[in-house]
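Contents: one structure, followed by commentary.
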Amino acid sequence: MIKGIVFDLDGVLLFTDRFHYLAWKAIADQYQIPFDEKVNDRLRGVSRRESLDIILSYSDRDFSEAEKEDMAAEKNELYRGYLRKMTPADVRDDTRAVLERLRGRGLKLAVGSSSKNTPLILEKTDLAKYFDAISDGNNITHSKPHPEVFLKAADYLNLQPSECIVVEDAEAGIDAGAAGGFLTVGIGYAAHYAKTDRPIQSLSDLPEIPELAV
Ligand code: B16
Ligand code: MG
């Protein structure tokens, strides 16, 4: 029986993926590295440093460790510039409605995000109040597709992975959910991924999946 739901943040609850794209694009342009939406899709759910390594694999020159640290820090400053301008209006009405509906059914809700910027995002958008637990890039040592972030979320909820659903937009996130023993729901990019258990078109479809049917 499902008792809890762990939501990915970027690409599921919010569309901060656009800000990641814009910030990485500025860095890539600065170093004449080819970067487009297709490369950006490879960064979904992946940590900041691993994202940089993927971007740099499209360059024909080598970068020192110090240069890489500077690039990652600069990207994060650009990204946080976008985040600071976010407001509660950046959360879709149907997203809030779904969260309220699921809470109303007595389900426990958690965030499971690779992002170290999760606290800032939740504060700016006033989303924290819907969640019983937050597991993010600040409390993990292995990023998705490792299941750590979701296992910690389930643990914070005092639930077993088999009692929880993971909702994700990234292949790495679906792999992480499956590796942890969660039922996976895929939205957006992950709705087309073969390993996703339950693909959905929009978050509003989540309460209708068979495992949550009342
Ligand atoms: P940060 P999620 C992930 O968030 C993003 O999808 C991914 O593109 C990003 O690199 C990662 O967070 C780390 O973010 O640089 O803010 O620590 O999808 O797991 O909510
Ligand atoms: Mg995501």
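Values in this text are rule-based calculations from the coordinates and carry no lab data. Note that this is a predicted model, so its numbers are computed, not measured. Ideal geometry is used to build each Cβ from the backbone, glycine not excepted, and the neighbour counts take in all protein chains shown.
Share of pairwise Cα-Cα distances greater than 18 Å in segment 17-83 is 26 percent (whole percent). Between the listed residues SER64, ILE187, LEU109, the Cα displaced farthest toward the positive end of the dipole of the chain, a dipole computed from Cβ unit charges relative to the Cα centre, is found at LEU109. Subtracting the Cα-Cα distance of GLU67 and TYR31 from their residue separation scaled by 0.36 nm leaves 11.8 nm.
A simple spin-label model places the labels of ARG84 and LYS38 3.6 nm from each other, with each point 7 Å out along Cα-to-Cβ.
Please give the length that would be gained between SER59 and ASN138 if that part of the chain were fully extended, namely 0.36 nm times their separation in residues minus their C-alpha to C-alpha distance (nm, one decimal). Residue separation times 0.36 nm, minus the Cα-Cα distance, leaves 25.5 nm. When +1 charges are put on Lys and Arg Cβ atoms and -1 charges on Asp and Glu Cβ atoms, the dipole computed for the chain relative to its Cα centre reaches about 560 debye. Computed extension gain for GLU50 through ALA213, at 0.36 nm per residue and net of the alpha carbon distance, reaches 54.9 nm. Its residues counted as N, segment 60-117 yields a C-alpha radius of gyration over 2.2 N^0.38 Å of 1.77.
Local charge for GLU100 was computed over the other residues whose Cβ lies under 11 Å away, with Lys and Arg +1 and Asp and Glu -1, and equals +3. As a length-normalised measure over Cα pairs under 8 Å and 6 or more apart, the relative contact order of segment 17-83 settles at 46 percent. The alpha carbon convex hull volume per residue for the chain rounds to 110 Å³.
With each label modelled as a point 7 angstrom along the Cα→C-beta vector, the ASP94-ASN158 pair spans 3.5 nm.
The dipole here belongs to segment 17-83: it is taken about the Cα centre, uses +1 on the Cβ of Lys and Arg and -1 on the Cβ of Asp and Glu, and is about 300 debye.
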